[in-house]
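One structure below.
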Amino acid sequence: MPPTPPRATPSPPTTEPLAPALFPTSAYAASTPNEAARRARKPRVADFYTRLGNPTVQAFADAVAELEGAEAGLCSASGMGAVSTVVLGLCSQGDHIVTQRQLFSSTTQLFESVCPRFGIEVTFVDAGDTPGLVAAAAARPTKLLFVETPANPTLEVVDLDAVGASAAEVTAVDSTLAGPLVQRPIGAGIDLVVHSATKSLAGHNDATLGVLAGEKTLVNELWQYATIHGACASPYDSWNGLRGLKTLELRVERQCATAEAVAGWLATRPDVATVHYPFLACSPHHGVARRQMTAGGGTVSFVPRGGFDAAVSCVGSLDVALLAPSLGGPETLVNHPASMTHASLTPEQRAAAGLDDGLIRLSIGLEPLEAIIADLERGLSSAT
Ligand SMILES: *Cc1c(COP(=O)(O)O)cnc(C)c1O
């Protein structure tokens, strides 16, 4: 017999702990068969079996739902777990989805290659064309209108009020690049908001986590599907997520302020061809962005003059910005999609997604603005 370690019992604490409790348990023991049966039948049960629910995981989902002004939240093992739960939990054979051409790469793959296998038809419209998205959802019965704003990595902004008022049966927004302190899709009439909490919400590059939030009945329906899909969140990652939320406001404020300054600086450079940032006055999305966002977000994308080669040389010469495929954490990260996250696509496929081969995506961290600008100065001069 292996030794039995002492078990944590859920006795009420006599003093208030400052950190939330972590319950790594995968199952709970019931005291009677009746009690076990009651828990097995309870929707959103958090004290039966962790794939169905767990108190630490639920605490993170509840905290995000509150930030979003939503009735209920549901966690998943990653942002893609949340996106897949929305799409496959809602849509059946014969259903129609409208979405945008510019999306996070794995979300594009879900719509382009998984949905057709299940007989779900998807119409793609340019992200910058909100009236086109809304019209496509009105042209025929549409189960789901799914948008991502700002879009990763090209930072197009979709008008949330227009999406919220659309004829689609359900509307969903991937709000990862903005987050609940920058935009609140539920307030714009959107049914579901989705996040890769791996990014800014957990915020420390130490959790792989997704979350969705919306009306309780809809979230409960998705929970039913999610228990079968099986992409349930880890209690440990949810616990790191709860830790991350404590400093979300400070991090986001700092990152947005630095990002706006970096975008403004890049826009003055003769060796930079294009800068994408929603709060730049020269952005085609500036008006909508100022209306629905409190800040421009922590991500900036730009194209140096000289295309692919200049971009590779630039990202290879950066010291402060680390070459890594994520965003929203404390370290400034740089991604060159054409040679990194989107290298497996052909140049034609990248062009169809509106992705310039010279595009560089910067996720602004917590370093001083001067250090980031000096780094970019070094990178850009290496390319010329
Ligand atoms: C990263 C990301 C995702 C996927 O999240 P994972 O946690 O990596 O599964 C989805 N949407 C956007 C906008 C993202 O940036």
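The values are calculated or read from the model by the stated rules, or taken from the named source; none is laboratory data. Please read all numbers here as calculations on a predicted model, not as lab measurements. Don't worry about glycine lacking a Cβ; one is built from the backbone with ideal geometry, like all the others, and counts go over all protein chains shown.
Each residue in the stretch 290-334 was checked for being crowded, with 24+ Cβ neighbours inside 10 Å and among the aromatic types (Phe, Trp, Tyr), and 1 of them qualify. Test residue 350 against the criterion of being farther than 18 Å from residue 264 by Cα and not in a loop (DSSP other than H, G, I, E, B), and give yes or no. Judged against the criteria, residue 350 is a match.
When we screen 375, 357 for residues that are without any contact (Cβ under 8 Å) to a residue 60 or more places away in the chain, part of a loop (DSSP other than H, G, I, E, B) and surrounded by fewer than 21 Cβ atoms within 10 Å (Cβ to Cβ), the only hit is 357. When the stretch 138-168 is filtered for residues that are within 16 Å of the ligand (Cβ to nearest atom) and either small (Gly, Ala, Ser) or surrounded by fewer than 20 Cβ atoms within 10 Å (Cβ to Cβ) (or both), only 151 remains. Within the stretch 51-67, one or more residues are closer than 28 Å to residue 27 by Cα, away from the ligand (no atom under 16 Å from the Cβ) and among the acidic types (Asp, Glu). State yes or no: is residue 278 in contact with a His (Cβ under 6 Å, 6 or more places away or on another chain) and crowded, with 23+ Cβ neighbours inside 10 Å? For residue 278, the condition - in contact with a His (Cβ under 6 Å, 6 or more places away or on another chain) and crowded, with 23+ Cβ neighbours inside 10 Å - is met. Quick one: in the stretch 90-112, which of the residues that are within 16 Å of the ligand (Cβ to nearest atom) and part of a helix (DSSP H, G or I) is nearest to residue 355 (Cα to Cα)? Within the stretch 90-112, the match that is nearest to residue 355 (Cα to Cα) is 105. Identify the residue in the stretch 169-185 that is buried (at least 23 other Cβ atoms within 10 Å of the Cβ) and within 17 Å of residue 218 (Cβ to Cβ) and, among all such residues, is farthest from the ligand (Cβ to nearest atom). Among them, the one singled out is 171.
Any residue at all in the stretch 227-240 that's polar (S, T, N, Q) and within 17 Å of the chain's Cα centre (by Cα)? Checking the stretch 227-240: at least one residue is polar (S, T, N, Q) and within 17 Å of the chain's Cα centre (by Cα). Residues that are among the basic types (Lys, Arg), at pLDDT 95 or above and touching a Ser or Thr at 6+ places or on another chain (Cβ under 9 Å) do not occur anywhere in the stretch 214-227.
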